[in-house]
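Report on the structure given below.
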Amino acid sequence: MTSQEMELKRKESINCLVQELRNVPPSADLYLKAHYIIAKIGLQRRAKEERLFEDEDWADPKLREDLILKVERFLDKQIK
């Protein structure tokens, strides 16, 4: 597999995880779903080190898109 193919697969994986997060209904707990996604791929320790789940109000619907983008940036940085 070429490096270009691997990069495409990496981006597809990230997009799939972010789409899973975007599909969370507004009435559901975005924090729990984001935490589940991070745990599913084994990045809990890195999320804790980077304080991914701290300093934000995950229940505030106004911050929802910003929080999803924050998780997306974290995944892009961590998934290689």
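The values are calculated or read from the model by the stated rules, or taken from the named source; none is laboratory data. Quantities reported herein were computed from a predicted structural model and do not represent experimental measurements. Here the Cβ is made from the backbone with ideal geometry for all residues, glycine too, and neighbour counts use every protein chain on show. Just the protein is used for accessible areas: all its heavy atoms, side chains included, with ligands, DNA and RNA removed. Shrake-Rupley method; radii C 1.70, N 1.55, O 1.52, S 1.80 Å.
Being touching a Lys or Arg at 6+ places or on another chain (Cβ under 8 Å) and either of a type in the set (A, V, I, L, M, F, W, C) or modelled with pLDDT of 95 or more (or both) is the requirement here; does Leu30 meet it? I'd like the intermediate steps shown before the answer.
On the way: touching a Lys or Arg at 6+ places or on another chain (Cβ under 8 Å): yes; either of a type in the set (A, V, I, L, M, F, W, C) or modelled with pLDDT of 95 or more (or both): yes.
Against the criterion (touching a Lys or Arg at 6+ places or on another chain (Cβ under 8 Å) and either of a type in the set (A, V, I, L, M, F, W, C) or modelled with pLDDT of 95 or more (or both)), Leu30 qualifies.
Mind checking which residues of segment 32-68 are open to solvent by less than 80 Å² (accessible area, probe 1.4 Å) and among the aromatic types (Phe, Trp, Tyr)?
Across segment 32-68, the qualifying residues are Phe53, Trp58.
For the structure I just gave you, tell me whether Asp29 is acidic (Asp, Glu) and open to solvent by less than 80 Å² (accessible area, probe 1.4 Å). Quick ask: steps written out before the conclusion?
Details: acidic (Asp, Glu): yes; open to solvent by less than 80 Å² (accessible area, probe 1.4 Å): yes.
So Asp29 fits the description; yes.
So, restricting to helices (runs of 4 or more DSSP H) that lie completely within segment 19-80, which ones have at least 1 residues that are out of contact with any Cys (no Cβ under 8 Å at 6 or more places or on another chain) and under 21 Å from Lys9 (Cα atoms)?
On the way: elements: 30-40, 44-49, 64-78.
Because the criterion is at least 1 residues that are out of contact with any Cys (no Cβ under 8 Å at 6 or more places or on another chain) and under 21 Å from Lys9 (Cα atoms), the helices (runs of 4 or more DSSP H) in segment 19-80 that meet it are 30-40, 64-78.
Pick from Ile41, Ile14: which is of a type in the set (Val, Ile, Thr) and touching a residue at least 40 places away in the same chain (Cβ under 8 Å)?
Ile14
Can you pull out the residues in segment 1-16 that are among the charged types (D, E, K, R) and part of a loop (DSSP other than H, G, I, E, B)?
We begin by selecting, within segment 1-16, every residue among the charged types (D, E, K, R); these are 5, 7, 9-12.
Matches in segment 1-16: none.
Only residues that are more than 15 Å from Pro61 (Cβ to Cβ) and either open to solvent by less than 80 Å² (accessible area, probe 1.4 Å) or touching a helix residue (DSSP H, G or I) at 6+ places or on another chain (Cβ under 8 Å) (or both): list them for segment 9-26, please.
Residues satisfying the conditions are Arg10, Ser13, Ile14, Leu17, Val18, Glu20.
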